[in-house]
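Here the structure is laid out as structure tokens; the discussion comes afterwards.
Readers should treat all values here as calculations from the given coordinates under stated rules, not as data from a laboratory. Being a predicted model, the structure only gives us computed values, none of them experimental. With ideal geometry, Cβ positions are generated from the backbone for all residues, glycine too; neighbour counts draw on all protein chains shown.
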Amino acid sequence: MRIVRFTPADSAGLGSDPLFGVLNDEDQILVLRGDPIYSGIVPTSSKVALADVRLLAPTIPRSKVVCVGKNYADHAKEMDSEVPKEPVIFIKPNTSVIGPNDIIKWPRITDRVDFEGELAIVIGRICKDISAQNYKDVIYGYTIANDVTARNIQKSDGQWARAKGFDTFCPLGPWIETEFEAKDQKITTILDGELKQSEPLSSMIFKIPEIVEFVTSAMTLLPGDVILTGTPAGIGPMKEGSEVSISIEGLGTLSNKVSPRGN
């Protein structure tokens, strides 16, 4: 089941406030009552065409986005790092989240903004100290993320919070797929028509059960919170006006453009 969050066109007669819905194979959205992560699937009598809405980030994390770094061996190598012995985690603020086709704003204080395509886990309930065996109990579904990074600030700061925490630095979307299972599906990133990243999800060093166990051993996750599972090799800088598209088989494509610097 594909869960979308959207604003409808005025002509749809649904108002202009964000709504949730279930997207079917005919690109029709069944409008839901409330946030399904909290309320469950409560359908209304309204339907709207996908072409008549603006998709938003499918979830706005209630507290945080937890990210796993260096979770693909080739990416660790390209960053001149060793493969970690346990997951390396850091946090993006929920204010960094934007949706499909929203603009990634280039901060005036950095001269390099990089893309990092990633699989994202959406948490479905309050959870702490979840074992790897029970990881599915707390996952609502999956979506696609771009862990945008001000690379020179990451290097100069020596830690990652500021470099990865700017507003607009966490595009999510285009929807949440509740029936997805990460296996050998490929994650690919295309920048201005050129393939930059291509790697099967099975290449992750730490798999999803381990990640959920590790993160929840340290902190409580809330419904709607997101875990980014790491990026494969091929990361690199975007230019002003670039368009970056990240795809995962079974999850669709997340596309965003980059603003001029300082906008």
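What is the list of residues in the range 92-121 whose amide nitrogen lies under 16 Å from a point 7 angstrom out from the Cα of residue 259, following Cα to Cβ?
What the label zone holds, given the 16 Å backbone N cut-off, is 95-114.
If r is the Cβ-Cβ distance from residue 47 to residue 207 and R0 is 30 Å, what FRET efficiency results, to the nearest 0.05?
0.20
Once amide H atoms are placed 1.01 Å from N in the peptide plane, what residues at a sequence separation of 5 or more from residue 173, or on another chain, have their amide H within under 5 Å of its amide H?
Under 5 Å from the amide H of residue 173: 144.
Among 45, 28, 89, whose Cα lies farthest out toward the positive end of the dipole of the chain, if unit charges sit on the beta carbon of Lys, Arg (+1) and Asp, Glu (-1)?
89
Give me 220, 143, 149, 188 ranked fewest to most by other Cβ atoms within 10 Å of their Cβ, as a rough exposure proxy.
With the sparsest Cβ surroundings first, the list reads 220, 188, 149, 143.
Could you work out how much longer the chain between residue 157 and residue 101 gets when fully extended? Use 0.36 nm per residue separation minus the Cα distance between them, nm to one decimal.
Between residue 157 and residue 101, full extension yields 17.2 nm more.
Show that you can apply the helix-only estimate: for the chain, add -39,500 (n - 2.57) for every DSSP H stretch of four or more residues, divide by all residues, and state [θ] at 222 nm to the nearest 500.
Calculated at 222 nm, the ellipticity per residue is -3000 deg cm²/dmol.
Give me the one-decimal nm value for the distance between modelled label points at residue 91 and residue 125, 7 Å along each residue's Cα-to-Cβ direction.
In this crude spin-label approximation the distance works out to 2.4 nm.
Across the range 85-99, in residue order, what do the Karplus-derived ³J(HN,Hα) couplings come to in whole Hz, using 6.51 cos²θ - 1.76 cosθ + 1.60 with θ = phi - 60° and x for Gly and Pro?
7, 9, x, 9, 10, 8, 10, 9, x, 5, 6, 7, 7, 9, x
Calculated from the structure, semi-axes √(5λ) of the Cα gyration tensor in Å equals which of (1) 24, 22, 19; (2) 28, 27, 13; (3) 28, 23, 16?
It is the value labelled (3).
What's the local net charge at residue 182, with K and R +1, D and E -1, over the other residues with C-beta under 15 Å away?
Cβ neighbours under 15 Å give a net charge of -4.
Count charges around residue 111 for me, please; just the other residues with Cβ under 14 Å from its Cβ, Lys/Arg as +1, Asp/Glu as -1.
So the environment of residue 111 carries a net charge of +4.
Would you kindly state how much longer the chain becomes between residue 217 and residue 184 on full extension, computed as 0.36 nm times their sequence separation minus their alpha carbon distance, in nm to one decimal?
In short, 9.2 nm is gained.
Can you put 70, 64, 85, 164 in order, fewest other beta carbons within 10 Å first?
Going from sparsest to densest Cβ surroundings: 85, 64, 70, 164.
Would you mind working out the magnitude of the charge dipole of the chain relative to its Cα centre, with +1 at each Lys and Arg C-beta and -1 at each Asp and Glu C-beta, to the nearest 20 Debye?
Computed charge dipole of the chain: roughly 680 debye.
Distance between Cα centroids, the range 182-203 to the range 152-170: provide it in whole Å.
Distance between centres, Cα-based: 23 Å.
Kirkwood hydrodynamic radius, computed over distinct alpha-carbon pairs, for the range 1-64: how many Å, to one decimal?
Here the Kirkwood hydrodynamic radius works out to 11.8 Å.
Please tell me which of these pairs span more than 31 angstrom C-alpha to C-alpha: 128/196; 136/257; 47/70; 85/239; 92/128; 136/239?
Table pairs above 31 Å Cα-Cα are 128/196; 136/257; 47/70; 85/239; 136/239.
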